[in-house]
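K.L.:
Handing you this structure, nothing more for now.
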Amino acid sequence: MAVTGNVRRLLFALCNNRGLVQHAAPVTGMMHPMNYDPDNIPHSELGRGNMFRIDATKPAGFWLRVGALVVDFVVLLPVYILTLFLPGVAFYLLLSIAAMLYKPLMEGIFGASVGKFALGLRVMDAEGGVVGVPTAVLRNLFYILPAVPGLVIGVHLKEAGLNPLDFARAEEIAEVMERYQTANLLSNVLWVLWVVTVLWVAFHPRKRGVHDLLAQTYVVERKK
C-alpha cells in the first residue's frame, strides 16, 4: 500500500510539473491543492506539503480577527473580574496565568481560540497542520509579554490588600504604582507593540500580523 501511495504521489507530481493537473482526472486518494478543505482533510494527511498549498486557502480578514478578539475578551471577562475581587495572591496568580495561556493552548492544541471557532477561523502552519503549543506560545508573545509587568504589580497590590477599583484607597494604590513605574511603562509599551501587530494584519496581502510572520503561521477561514 505504501508503494501504491508513492506511485500516486509521483504521478501527481509529474502531472503538476507538466501543467496537466487541471486536465487530468484526479488521482484516487489524492486531493488537488485548489480543492483543499482545511476542515475535511484527513488528520493523518495534515502537514503533508504535497497535498496542500497555503495560497489556496482564504485568509481571515482584519475585522473577522478583531471580532474573534472581542469574543475572546468576553470569554475571559469573568476571569478578569475574579482576579480583582478574589482575595489572596495564589488565586490571583492562578487565574492570571490561566488567562495568559488561554490563547496559546487553544490555538496550539485545537487550532483556534473560542473567538476564532465562533467566527469560523483557524490557525495553521504553512503545510495546513495544527501549529502546536510551542509555536502558539511564540505566536502569542506580543499578547503574553505585556501582561507580565501588570501581573507583578497585581501581586503587590494583592499583598497590600488593595483593589485597583477601590477609589477610597486611591492614594495607597498610587504609591504602589509609583514604586513600579518602570514595570507599568514597560507594560504600556508592550501593549502598543501588540496593537501594532494586530493592525499589521490589515495591510499584509495574506492578512498576517507580525506575530504570524514571527511564528510562520496563517489564520484562514474555515470552509462554510
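K.L.:
In the list ARG169, ARG222, which residue meets the criterion of being without any contact (Cβ under 8 Å) to a residue 12 or more places away in the chain and either more than 22 Å from VAL79 (Cβ to Cβ) or among the basic types (Lys, Arg) (or both)?
P.N.:
ARG169
K.L.:
Follow-up question, since we're still on this one. Would you mention how many residues in the range 70-125 are on the phi > 0 side of the Ramachandran plot and touching a Phe, Trp or Tyr at 6+ places or on another chain (Cβ under 8 Å)?
P.N.:
0
K.L.:
While we're looking at this one, here's another question. Here are some conditions: (1) part of a helix (DSSP H, G or I); (2) surrounded by 16 or more Cβ atoms within 10 Å (Cβ to Cβ); (3) modelled with pLDDT under 95. ALA90 meets all but one. Which one does it not meet?
P.N.:
All conditions pass for ALA90, except number (2).
K.L.:
Within the range 56-84, track down each residue that is touching a residue at least 60 places away in the same chain (Cβ under 8 Å), part of a helix (DSSP H, G or I) and either in contact with a Pro (Cβ under 9 Å, 6 or more places away or on another chain) or under 25 Å from ILE153 (Cα atoms) (or both).
P.N.:
Passing the criteria: LEU69, THR83, LEU84.
K.L.:
On to the next question. Just to check your reading of the model, which residue among GLY150, GLY129, GLY108, GLY161 is more than 30 Å from PHE52 (Cα to Cα) and crowded, with 17+ Cβ neighbours inside 10 Å?
P.N.:
Selected residue: GLY150, the only one of GLY150, GLY129, GLY108, GLY161 that is more than 30 Å from PHE52 (Cα to Cα) and crowded, with 17+ Cβ neighbours inside 10 Å.
K.L.:
Quick check on this structure: which one of ARG208, ARG169, ARG222 is over 25 Å from LEU93 (Cα atoms), out of contact with any helix residue (DSSP H, G or I) (no Cβ under 8 Å at 6 or more places or on another chain) and surrounded by 13 or more Cβ atoms within 10 Å (Cβ to Cβ)?
P.N.:
ARG222
K.L.:
In this structure, does VAL137 turn out to be in contact with a helix residue (DSSP H, G or I) (Cβ under 6 Å, 6 or more places away or on another chain), β-branched (Val, Ile, Thr) and buried (at least 16 other Cβ atoms within 10 Å of the Cβ)?
P.N.:
Against the criterion (in contact with a helix residue (DSSP H, G or I) (Cβ under 6 Å, 6 or more places away or on another chain), β-branched (Val, Ile, Thr) and buried (at least 16 other Cβ atoms within 10 Å of the Cβ)), VAL137 qualifies.
K.L.:
Only one of VAL195, VAL201 is part of a helix (DSSP H, G or I), in contact with a Lys or Arg (Cβ under 6 Å, 6 or more places away or on another chain) and of a type in the set (A, V, I, L, M, F, W, C). Can you tell me which?
P.N.:
VAL201
K.L.:
If you don't mind, there's one more thing I want to ask. Of these, PHE91, PHE73, PHE142, PHE85, which one is under 30 Å from GLN181 (Cα atoms), among the aromatic types (Phe, Trp, Tyr) and in contact with a Ser or Thr (Cβ under 6 Å, 6 or more places away or on another chain)?
P.N.:
PHE142
The values are calculated or read from the model by the stated rules, or taken from the named source; none is laboratory data. Predicted, not measured: the structure shown is a model, and the values here were computed from it. A quick note on method: Cβ atoms are made from the backbone with ideal geometry, for glycine too, and the neighbour counts reach across all protein chains shown.
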